[in-house]
Each structure stands twice: as C-alpha cells, then as structure tokens.
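Shown next, in structure tokens, is the structure this report addresses.
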Amino acid sequence: MEPQRRGARREAEHRNPLLQKAELGRTKQRCYSLPGPDFTYGQSSYLREGGVAEAIGQWRTVEARAHQRKLESNFVALNREAVKSGLVTTAEHQAFRNTHKIWRPVNEGRVKPCSPHLPPGTTYGICTRPSTPIYDLIEHKYQRLWLEQQEQASEALRIMSKEKIQLRKVQSTRTSLLRRYQPPADPAPLWKLPRFDKVGPHLDTFPSDKARQRAISAHQSDAIARQGLHGQGIYNIS
C-alpha cells in the first residue's frame, strides 16, 4: 500500500510544476514560462504615424486661429468724447452716437469670480456657540473676572501716571531764576548837550535820593521773574 502511495505522489509532482522539488543547488521554480521573443507586451497601438523617424524628420505645426471676441458699445467713452466736442443736449449726444462708434469687449473690466476649492466635508454657515456652563453663572465667575480686569486697568493707569510725574520737567521758581540771573552790563549813557548836564528833573516823586535808589534796585531784582520788555508783566515761572 505504501509503494502505491509513493508512486501516485511522484506522478502528481511530475504533472504539477508547483509540487516539484527544487534541484540540488538551484532555487525552486514557482513561475510560468515566458512567451517567445516575438510576443508584444501591453496594448497594441493602431495608429500609424511613422514612429520616431517621422517625428525627427519633420515638424508639424498647428495654425493659430483668431479668437472672435464679442464687442459692445462703450457708452462711457462716447459720452466723454461728446462732452469734449461741446455737445450737451440729448439730441446732440444721440446724433454723436449714430455717427461715432467706440467698442469694447463684453467682459472688459469684469473679474470672473473664482469659486474656492472647499473640501467635500465642509459645512456652510456659522458654528453654534457652545453653551455657557451653569456652574460659572452660579458662582459669579464672570463678575469676578470683570472686577479683576478693572483692578488691573486701574493699576496700570496709576503706574503710567506715576511715571509721567517722575519724567515731567521741574518748574522754575523765582529763587531759581534769581540764581541763574546774570545782571547785564550798564549801557553807555546817551549823548546830551553840555548845557543840559547839570539840569535836574522837573518832577521828583521820591522823598529822597536814597529812597529812589532803593525802589530802582527792588524793581530791577523783581523784573527778572516777570514778563515784558521792562519786566513789569506777570511772573514767568513756566
């Protein structure tokens, strides 16, 4: 019984190439035999254009065809030219249009709207706002946030105003102006006739010459901090 089984197995291996054992020193062949050298792989082409030789030997060109554009009357240009010619009435404009033609393409100046390429799963409209958590409303979370924002804004405003006060220019006072003041040199006296040198003033309101000098010195010292050509204006402390 055993020899019969072995013979049947050998016969099946001889008939089926997939069941054959590999030869010694060679891999086991599990493929079909290739067709002969005259076999053409792929799809046959039924076009007969001459092949590579014809493509190299000549250059076929396609004649460009003129694109026929649709034209329409350019009424803006016609009205402009009519006004330049001095025409103002409707009849004159109509006669000008009948005798003059200015054309423009139909779609001139119009931009074709390009539709955006959206993915197929795009949903149109506005997304629904998420619901407000009820716990935030119960514990007054938004009120606390608003109070914190107001405190932060007030603190920032206070720091900014403090920095402005520190950077502000120090104002001058009357004492600082007197310290920086340099008395000018006395100008040369005006020329007078010799006969008027010993003539005194016609009116003298001071009781004595000492009081007069004291008033003049006080006026000169106080005129430093005042405005005006003669130092008789308001105090200049800016």
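A short reminder: the numbers here are calculations on the coordinates, not readings from a lab. What you see is a predicted model; the values in this text were computed from it and never measured. Backbone-built Cβ (ideal geometry, glycine too); neighbour counts: all protein chains shown.
What the table shows:
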item: Proximal charge balance of ILE234 [Cβ under 15 Å; K/R count +1, D/E count -1]; result: +1
item: Spin-label model distance (nm) - LEU147 vs ASN107, 7 Å beyond Cα toward Cβ; result: 6.5 nm
item: Positive-pole candidate from MET160, GLY200, LEU178, dipole of segment 159-222, charges at beta carbon; result: MET160
